[in-house]
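Below is one structure, written out as structure tokens, with a few remarks after it.
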Amino acid sequence: MKTRNTTFRRLLILAVVSGLGLVAAWTPPSEDSGKHPTRFPEIEGPTPWTGKGLLNNPDDFQFIIVSDRTGGHREGIFRSALRKINHLRPEFVVSVGDLIEGATDDLDQVEREWSDFRDSVDILRMRFFYVPGNHDIWDDTARREWTKRFGPTYYHFVYKGVLFLCLNTEDGKASRIGPEQAAFARQILEANTQVRWTLVFLHKPLWNYQAGSGWEAVEQALAGRPHTVFAGHRHRYVRYQRAQYKYYQLATTGGASPLSGLSHGRFDHISWVTMTADGPVMANLKLDGILGEDVRTEAMARLTNRLGGEYAVRLDTITTDSPGRGRTWLEMENRADMPLEVRVRWEAHPHLTPSPYAVVKTLAPGSTERLEVRLSWPESWQPTAEDALAAEVRTTYRPDQLPRPVSWTRTIYAAAEQRPLIANLNEGPPTLDGRLDDWPSLPVSMARPRQLTGDSSTWTGPEDLGVRFGLVQDRAYLYLGVEVRDDQRIHLAGRRSSLRDSIVLYLDPRPAAAGGGSGQSAKATATRRDRTVRLAPGSRPGTAIVFRGRDPIDGLRAWSSLNPAGYTLEVAIPHASLDGIAGATWRNLRLNLMVRDVDTPTGSRSDFWWRSRWGTMESNPESGWFRRFER
């Protein structure tokens, strides 16, 4: 990058001008005229910023509108909103009414409610403009109480060429703008014809009320001038279009609401308005989407990360007691110095019925609990390793040092884990070309992954990605055949192995830790060092790309074949290499497959695990084992 040396040229020009007897005042180029000017260097060629201008028109400004707080207020929501507004730093805040509950003859109660509200407003670092609602003015006494505290019930002001007209919809009686107020509005509008925009604030959306509300006179006075109207009251968001202008009925900022969602207009929010030369630009900010800069500090992160390793929830292998009856065990462990809440909910299964159906437990610090889960199924059906029963587990700690609970949600599985015998080839090895035509079968199906990582939203079901595989052996080799059905295969030459469709094999032929079960042997398994190899289909028929891990398997070879439905892979592994890893003749092999599905050239990916990733809480150390055929 070259930057011109403009200082010398400017001094030269200044000297020439001075020599001509002219008075010159040089001002460096600036994109604004504020106290602190903005400068950009002059760069030859491309610049590391776009050519669009800065949105820094000094006539633009931002403010926030808060909607109904009451009508059945939910404690703490409005105050929380005001604290979040301070993070956004608007120039001021405007309300649309219903600030207290009101509707009482008890003036002491009224005093308490207004005192509480003003304490809340004191949280703000900027000006707050009051507008009355029907919970603020409900009779003549309430009107006098308002006037005593805030003066007029309707008023106006002009800010940076924009007229703000704040009206009272409880004028003399409910849901009405009286003649005097209508005349006031007309007078203010006539006296401010040169403003660039008019913004009207009122509590009730009187444009939707029957004739006689007094709104007709105000709207008639607004005709022909750019304007926007904001109201609340109904606790349900709707944007209206009247002629070419927008009218907004806002939802809630803590008022009564079922919070049934955006489709129903039921949500807590504040409205962020930017006033521009073309009119107001509005954005609705949901309260739970506004976060302060201290949402997670370093101390919070350390504590959360520590607690994430202080618990374990596991399921044992399913065992059969009698036809149609069996059990598994749910083991819960809390190693932290605070209570652990555990909630377990079983997912629906076509055959297995667990009891108890839901589990809610609080584990004391440093405790372990083991709960029997009874299972039933039709006597004509038998559980297998592929018919896993899934449970959603939510664990929660409530540390005093954190502003909110910390929770984790995981899915764990119970299955009738088995150790199938690997088929022996008596007729000689398969033709190693990646095509699988001569394989007797691929008995292991991966219709539903046991674990899904990466961008899980990209998987739409088995039609998007499905996997089958099988193992066979002869005297010299163990063979693996894999069929991948993929609706969109991504194979880009030169791509990193992690950014293309591929398969990762995890192999461990060492003897299993003694004892079985999901307790001690699970921890032992987590420390075991497996052998890992990544495989991807090659661009030429019969070829496969092998990305070897840190501890490669000597003599491993692979072949692949592409087809319209996806691809297939064949892998040959010498028994001698597996014997070397096992430290003796291998007799059992633990295997896992992770299939990476890349559905876009930019690299969005999903990882499908046949069995849960080894070493994680979700993994059952009894899963994924195969027995070697021995004569």
Rounded to the nearest percent, how much of the accessible area of the chain (1.4 Å probe, protein heavy atoms only) is carbon and sulfur?
50 percent
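Where the convex hull is taken over the Cα atoms of region 232-336, what is its projected area averaged over directions, in nm²?
For the Cα atoms of region 232-336, the hull's average projected area reads 14.4 nm².
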How do 119-131, 92-104 rank on mean C-beta neighbours within 10 Å, highest first?
92-104, 119-131
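Let me check against my output: what whole-number percent is the relative contact order of the chain, with C-alpha pairs under 8 Å and at least 6 apart?
9 percent
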Integer Hz, Karplus 6.51/-1.76/1.60 couplings in order for region 225-241, x for Gly and Pro
10, x, 7, 9, 10, 10, 9, x, 6, 8, 6, 8, 7, 8, 9, 10, 10
So, over other residues within a Cβ distance under 15 Å of residue 627, counting Lys, Arg +1 and Asp, Glu -1, the net charge is +2
Per-residue HN-Hα couplings for region 244-260, Karplus 6.51 cos²θ - 1.76 cosθ + 1.60 at θ = phi - 60°, whole Hz, x for Gly and Pro?
9, 10, 9, 10, 10, 9, 7, 7, 10, 10, x, x, 4, 6, x, 6, 7
When log10 I(q)/I(0) by the Debye sum over Cα atoms at q = 0.08, 0.11 Å⁻¹ is calculated directly from the model, which label among (i) -0.54, -1.07; (ii) -0.63, -1.06; (iii) -0.86, -1.07 fits?
(iii)
Skip the ligands, DNA and RNA, and give the accessible area per residue of the chain with a 1.4 Å probe, whole Å².
50 Å²
Could you list, in their original order, any pairs among 52/84; 84/246; 204/246; 160/204 whose Cα atoms are separated by more than 25 Å?
52/84; 84/246; 160/204
Taking θ = phi - 60°, what integer Hz values does the Karplus form 6.51 cos²θ - 1.76 cosθ + 1.60 yield along region 473-478, in sequence order, with x for Gly and Pro?
8, 10, 5, 9, 9, 9
Enumerate the amide H contacts of residue 233 below 5 Å, restricted to partners 5 or more residues apart or on another chain; note that Pro and chain-start residues carry no placed amide H.
68
Run the helix sum for the chain: -39,500 (n - 2.57) per DSSP H stretch of 4+ residues, divided by residue count, reported at 222 nm to the nearest 500 deg cm²/dmol.
-4500 deg cm²/dmol
Calculated FRET efficiency, residue 148 and residue 442, Cβ-Cβ r, R0 60 Å, to nearest 0.05?
0.10
Over every pair of different alpha-carbon atoms in region 366-458, take the mean of 1/r and invert it; report that Kirkwood radius in Å.
18.8 Å
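The values are calculated or read from the model by the stated rules, or taken from the named source; none is laboratory data. In this text the structure is predicted, and so the values were computed from the model without any measurement. Cβ coordinates were reconstructed from backbone atoms using ideal geometry, including for glycine residues, and neighbour counts include every protein chain displayed. We work out accessible area using only protein heavy atoms, side chains counted, and drop any ligands, DNA or RNA first. Shrake-Rupley method; radii C 1.70, N 1.55, O 1.52, S 1.80 Å.
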